[in-house]
Each structure stands twice: as structure tokens, then as C-alpha cells.
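Novice: Got a structure for you, questions after.
The values are calculated or read from the model by the stated rules, or taken from the named source; none is laboratory data. Given the structure is predicted, the values throughout are model-derived calculations rather than measurements. With ideal geometry, Cβ positions are generated from the backbone for all residues, glycine too; neighbour counts draw on all protein chains shown. Side chains are part of the model used for accessible areas, which takes the heavy atoms of the whole protein and leaves out ligands, DNA and RNA. Shrake-Rupley method; radii C 1.70, N 1.55, O 1.52, S 1.80 Å.
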Amino acid sequence: MRLTKDAFLYDSLGRQIADYYRSSGKTAWPSRVTGVIDHLYEHVVGIIYYMSGDSMMAVRLINALAGSLVILCVWRMARYITDPKTALRCATWACYFPTQLYYSCLPVRDSHSTLAMAMIFLGMTAIASGGRGRHVAALPIGLVLTAGYRGYVAGVLLFLVPASWLVSFLVVKSRNKSKFVQRIVVLSFLFVPIMASVGVEKVFTTGKAAQMTDLDYWNSTRVKMNRGSGAVYNSDIPEIGKNVVDTVTGVAIGIYFFFVSLNPSEMDSVRQWMAIPEVAIVLYMIPKMYRGFRRILKYHRFQCFSLLFVAFAITFAYSSVTTNAGPLMRWRLQVANVYILIAAIGYAKNYTPELLRKSAGRVQPAEQHWQALTPAGTEVRT
């Protein structure tokens, strides 16, 4: 845990919150925890400590449970899009992705925030695929949890998700558009009261969320984060927005570290050597992702467009801000499962996706259904 100092911070705050509850408010509440937005995990640790007698093992077990539920969400998301074999492959790769396993073992918030993002992607997929209502409900639940764990990400997603739907509706052809719109309308009526109770204005005004469009803030953050064993730059850090060359260079290097997380010129730290297994996996996945992306454009464009839109936007945002490979390995988990899905689709040599539809409340094969509607020899695209 020396590599993750946040674990000791959450342990200390959790004990203070637990003592506050045990003493009925007579002990001091931690000054750092000012509410639920961005501080939900501190409350979770405090409640677990209150119930378990300050047991860090109990916190770790809850984190491991959250990490396991990520795999279930990833499998269910993939099953809406592709065949059972590919969906199982996707879940298996997600299960053994090194940092996903690593952070699920530590008393930090990353497995919970990753679960929230996995629920968001599951909900978006269910909406585009005409899936079950409880899977659609994963989207607002995931957004609320993201507001608690990473408020600035929730603020960005409240813009990105509707934007992805709008662009998808305008540029992608599909027979499911009417049901797609109906689900969005119903979800909006359900989601607005939920976010009103959480305080949607706090999501946009708390901490980093209020500065996400400020280039000066981006560049100052890049300078502050370029330190320690995960530092990306040895000398001058190119400023985003200063000129075209610096902007392109900075973002390109950021994208490299977002996926590879390894600085070959500074292999003198434990953190750098710990990254090597995951680097090998990511490098193996890159050609599979290229093939999978092409297959998605061919077979699953409408179902996956909003997922790709959000994943690419988050990748660009983090690559633009961060100059430290350590945080990038952790933040990559927010969208890593989308890239795992793309790679899993691209892994098969001969890919013949199973067409799916919703029938009697269950997702079932629809090969005979489409064969009846489609002339022989015509390629069917979903």
C-alpha cells in the first residue's frame, strides 16, 4: 500500500467518521469531507468501520465485491452487442486486467468508480439495444454514483452522454430509433428528479468540474502532476492551446501514456516495472482493437456509437491534462472496459455476430426473424 497513499487517507477519514457516529456527534467530523459529492467513498468507509469495528478487511471485501460486479456489467453490456462466446471472452479479459484487479484489492475508491462507469455504459447499451428496463436504470444509478466518487467526471458525462445520443441519432441509421427516443424521454423524466435531489448544480460547481473548460487550469494541472516515479516529461512540458505543435505533441504523448503507461527512459522505479505486464496486454490488444473497431462500424454502429463517443472523449480529456503515468493507469479504468469490448470483438478470426432482439422480456437470438425479413444473400447490419 506504499504505492497508494490514498489508502491511508481513506483509513484515517473513515475512522474519524466512524468515531463521530459512535459518539453521537461529540467527536470532530473530518474537515476534508464537506458533503457527498466527490466524498461518497469516505462516507462508505466510515459506515463500514462503524459497523465492523474499524476493519480494513471489511472495506477490502466490499471493494472486491464492487470489482466483481464490474465484470458482470461488462459481460451484460457485451451480450447485448455480440454473441455469447465473444461476451464471455470480453468478461474474462476484464476480469484479469491487471490494474482492475489491483485496485479492487486496495481500500481506495477506484473499484467503486469503475463500477459506476461500467453501469453507465451498460445503461447506454441497453437503451440503444432495446434491452431490459433494469439495465436501462443502470445509467442514472451509475451517474449518481459517479457524482459521489468523481464529481468532475459526472459533470462531463452530463454533457457527453446527451451529446453522444444526439450525434448518434443524426448520423447513424437504425431501425431502433423510435424505441431509442422513447427510452431517452422516459429516462429523462426519471433522472431529473434524482439529480435534483443530489444537487446537479453542485456537480458542475464543485472542485475540478467548474474548471474543465479552462486551458490555464489544464496546463497548471499538467505541471503539478509531472512529478514522482510516474512523471512523463523530464524537462519542458508543452502547453495545451499555446500553439498547434505543442498541443498535438502534448495530446499525442498523453494518449501514448494513457494506453502504455511506461517511460522507457526512466525504468528506475517499482511503479514503472509494475506497469510492464499491463503494457504487454495492451500492446497485444491494440491490433485486435483496430479490427474490432472496423467490425463495430460494420455490424454494431448504432449500438456502440455512444459508447465510443464517450470513451474517446474521456481518453482525449485525460490525455490532455495528465503528465503522470501513475494516475493515467488508474483513470484508464473508467473506459478500459470499452476498449476491452472492442478488442474482444476483433479477436475472432471469423466474426459472424448473432443478431439480438428483445422478446418476452428476454434477449434472444433473432437469426430466423431476420432471415424471414431479409432476401437471401443480403448482409444484415445492426
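Novice: State which entries of 177/298; 298/349; 85/349; 177/349; 173/298; 173/288 exceed 21 angstrom in Cα-Cα distance in the structure shown.
Specialist: Check vs 21 Å cut-off fails for 177/349; 173/288.
Novice: If you don't mind, there's one more thing I want to ask. How much length is gained if the chain between residue 284 and residue 252 is pulled fully straight, taking 0.36 nm per residue apart and subtracting their Cα-Cα distance, in nm to one decimal?
Specialist: Working it through step by step, the gained length comes to 9.5 nm.
Novice: Give the Kirkwood hydrodynamic radius (Å, one decimal) of segment 42-100, defined as one over the mean of 1/r across all pairs of different Cα atoms.
Specialist: When all Cα pairs of segment 42-100 are included, the Kirkwood radius is 13.0 Å.
Novice: Just to confirm my numbers, what's the Cα centroid distance between segment 59-130 and segment 270-313 in Å?
Specialist: 15 Å
Novice: Let me ask you something else. Quick one: work out Rg over Rh on the C-alpha atoms of segment 11-113, Rh as Kirkwood radius.
Specialist: 1.13
Novice: By per-residue mean of other Cβ atoms within 10 Å, what is the highest-first order of 276-282, 318-324?
Specialist: Going from most to least packed, we get 318-324, 276-282.
Novice: In vacuo Debye scattering of segment 296-349, one point per C-alpha: log10 I(q)/I(0) at q = 0.18 Å⁻¹?
Specialist: Summing over Cα pairs of segment 296-349 leads to -0.65.
Novice: Give the Debye-formula value of log10 I(q)/I(0) at each listed q (0.14, 0.22 Å⁻¹), with one equal scatterer per alpha carbon of segment 103-155, two decimals each.
Specialist: One equal scatterer on each Cα of segment 103-155 leads to -0.36, -0.73.
Novice: Can you give the accessible area of residue 220, probe radius 1.4 Å, in Å² rounded to 10?
Specialist: The accessible area of residue 220 comes to roughly 50 Å².
Novice: Add +1 for every Lys or Arg and -1 for every Asp or Glu among the other residues with Cβ under 13 Å from the Cβ of residue 285, and state the total.
Specialist: Summing Lys and Arg as +1 and Asp and Glu as -1 gives +3.
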